[in-house]
Amino acid sequence: MSFNRRLLALAFTTLLATVLTACATPNREGGATLASQGQTTADALRIESDGAASEFQKIQGQFVISTIMDLCDTRAAADCVRLARSKQMKATLSEGSAQVRPVVELLRLRSKVFAKLRSVYDAFAQEAAYDAKGELSKAVGEFAESAGSFAGAAASALGADPLSASALSAAKALAQFIAEAKANADQIERLRDDNAATLLALKALSAALKAEQKYEATARGMVMISSAELDVQLRRAGFGSYPARLNARLPAGDTIPESADADIRANPGLREGIDLDEELDSYDAFRIADQNYTATLGSIDALVSAHESYNAENAFDLAQFALVENELALAIGRWSDLKMKETAAHIAAKPENAEKPTKTHK
Amino acid sequence: MAKQTTSTGDERQEELRRNYLQAIENRHGDLADAKSDDEAFAVLDNITKAGNALMKSIKEGLEGNAPAIETVFKDLKSANDLVETGRKNAEKLASLFGKMKTATDSATGLATALEKAAKAGKTPKAAKTNS
């Protein structure tokens, strides 16, 4: 078979491989979108968790102030001052401080997990942004060019014909095709593996946080109560209007207007989730905290769904690619053997290499 | 009296929450009703005990779940390392071809130099033989 016909056969194999691996392009855009969603969610979770820990740190101080204000509201000023300054009061109020610190540290540990989650998505985003195919193709192309030049120089130094320009071009194109296809397949595999690893970790995180929901929600409920109690005391003492922070802790859509008492009693919708006595001393903080925390965990479940969708949408049959890759490797091997035989034949055919007749002596 | 409703948690946790909430809600009225310092401190002790019990349960609950959280932390670190290592290996491969190009460029230079040296060496001998 002539060299040109062999080159045509090689081109056909290349075309066939291109068609078969047409879908083998890494979904970098999908990966980038997923990474961005993950980064936003992780940041929001960390900020919320940090906030809960910081607020919990304040509850003892708030309790002290609201207690003393309550005491003074029910006693004459002199008695209030005496009681507030007593050793018994100090001992009673300081007992709680020792309990607060370990809870704050445990809550902050959860924030660190969310910070680590953010770093996973940062790495995922970097992978999605990496032009694996482009970089490897460029590197291989430049090497192929260099290798071709070396082959020519070596052949010339040996006295053999250098490789033809068309052969060099075909070799370079083939090498780049292999590199691009391999880079794509490798990146698909990396994105798939990254996705799977992150998905597993997220599912474990979701399960772990759900297992401790009642404790986290209790802590957040205590924060709401402590803060609301202080607000009520301040209002009683005439320091301000209805506590705006109470509104901030209600489920979405519920608000407490300024003229709270009458409105709340008259409006069943506002009473749902909030049940205040005449003095507005407290409300259903723990239930609201549970609801809010459930919503927090919902954002993790949304990420899990996004990862599962990415997995389903980007399935790639590596076994099929391996078959094509094998065929191409065989084709390259056959081509290399043929070129080596041709080069050897060229060298042997050179006049200077032909066997010289022996001289006869007279 | 306020109504307490909670959506999650075991019975113990709910009981602790209820105790604390009731102690806080009743504080104002109970302090107003306290006829002596001792009675006033009893009201405050009641709230403090309820609060401390609740904080203790939070601490124990979170500590108990700490191994699960630590495992998640390690899983996330592994996922992070996997992502970064994979891409760095890809970058190394591209870099390797760059190094190979440098090597072949040098080899080309050497082959060319050898060829020139060989030609320079042959010419005088060929001239002598043909004269």
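The values are calculated or read from the model by the stated rules, or taken from the named source; none is laboratory data. Quick caveat: nothing in here was measured; it's all calculated off a predicted structure. Neighbour counts are summed over all protein chains in view; Cβ atoms, including those assigned to glycine, are modelled from backbone coordinates with ideal geometry. Surface accessibility is based on the protein's heavy atoms, side chains included, excluding ligands, DNA and RNA. Shrake-Rupley method; radii C 1.70, N 1.55, O 1.52, S 1.80 Å.
Quick notes on this structure:
- Length gained when the stretch residue A:77-residue A:122 is fully extended (0.36 nm per residue, less Cα-Cα span): 10.3 nm
- Full extension of the chain between residue B:120 and residue B:32 gives 20.0 nm of extra length, using 0.36 nm per residue less the Cα-Cα distance.
- For residue B:56, neighbours were defined as the other residues whose beta-carbon sits under 11 Å from its Cβ, and their charges (Lys and Arg +1, Asp and Glu -1) total 0.
- Under the Debye formula (equal points on every Cα, no solvent term), log10 I(q)/I(0) of region B:39-84 at q = 0.14, 0.25, 0.27, 0.30 Å⁻¹: -0.55, -0.83, -0.87, -0.94
- Interface size A-B, as summed buried accessible area [1.4 Å probe, Å², nearest 100]: 6900
- Over all other residues within a Cβ to Cβ distance under 11 Å of residue B:39, the charged ones net out to -4, with Lys and Arg as +1 and Asp and Glu as -1.
- Size-normalised alpha-carbon gyration radius of chain B, reference 2.2 N^0.38 Å: 2.99
- Local net charge near residue A:126, Cβ-Cβ under 12 Å (Lys/Arg +1, Asp/Glu -1): -2
- The stretch between residue A:349 and residue A:29, if pulled fully straight at 0.36 nm per residue, gains 109.6 nm over its current Cα-Cα span.
- Helix B:66-130 axis, angle to chain B major axis (alpha carbon atoms, nearest 10°): 10
- Estimated distance in nm for a label pair at residue B:88 and residue A:313, the labels positioned 7 Å out from Cα along Cα-to-Cβ: 3.1
- Residues residue B:56 and residue A:112, FRET efficiency given R0 of 22 Å [Cβ-Cβ distance, rounded to 0.05]: 0.45
- Using the Cβ-Cβ distance between residue B:10 and residue B:106 with R0 = 56 Å, the FRET efficiency computed as 1/(1 + (r/R0)^6) comes to roughly 0.15.
- Scattering profile of region B:6-61 at q = 0.14, 0.16, 0.27 Å⁻¹ [log10 I(q)/I(0), Debye over alpha-carbon scatterers]: -0.42, -0.52, -1.01
- Overall, the anisotropy analysis places region A:194-235 in the prolate class: the square-rooted eigenvalues a ≥ b ≥ c of its C-alpha gyration tensor yield a/c not less than 1.5, with a/b exceeding b/c.
- 4 °C / 1.567 mPa s Stokes-Einstein diffusion coefficient of region A:23-138, Kirkwood radius on C-alpha pairs, µm²/s: 70
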